[in-house]
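The values are calculated or read from the model by the stated rules, or taken from the named source; none is laboratory data. All of these numbers come straight from a predicted model, not from anything done at the bench. Glycine also receives a Cβ, built like all others from the backbone with ideal geometry; neighbour counts cover every protein chain displayed. Areas reflect the complete protein model, heavy atoms only, side chains present, ligands, DNA and RNA absent. Shrake-Rupley method; radii C 1.70, N 1.55, O 1.52, S 1.80 Å.
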Amino acid sequence: VRLSHLKGASRTSNLVLPRQIAMFILRNHLKMKLDEIAFFLNRKDHTTVIHAEEKINRLMLKNPTIKNEVDQIVKSLNLST
């Protein structure tokens, strides 16, 4: 997924989950502030980031595949957990 797609306005399902995962990683691994993430990804405000973070947390608890995928992304970015 291209950065331009993550920053875009499209709400298609093939872009929503990657965008939410990006928000989750920016928040939890890079420790960016909510409003910084919203600004970076061209979202209206910080509540979108809060929703994404909560959703990805829930998905990771319920679905080990999602957790593994997020962990692999973090590992490939060489970020510590």
Cross-chain or 6+ apart pairs with Cβ under 8 Å, the stretch 56-81 first and closer than 14 Å to LEU17 by Cβ, then at pLDDT 95 or above and open to solvent by 100 Å² or more (accessible area, probe 1.4 Å): LYS67/LEU61
Any hit, the stretch 24-33, residues being at pLDDT 95 or above and in contact with a His (Cβ under 9 Å, 6 or more places away or on another chain): yes
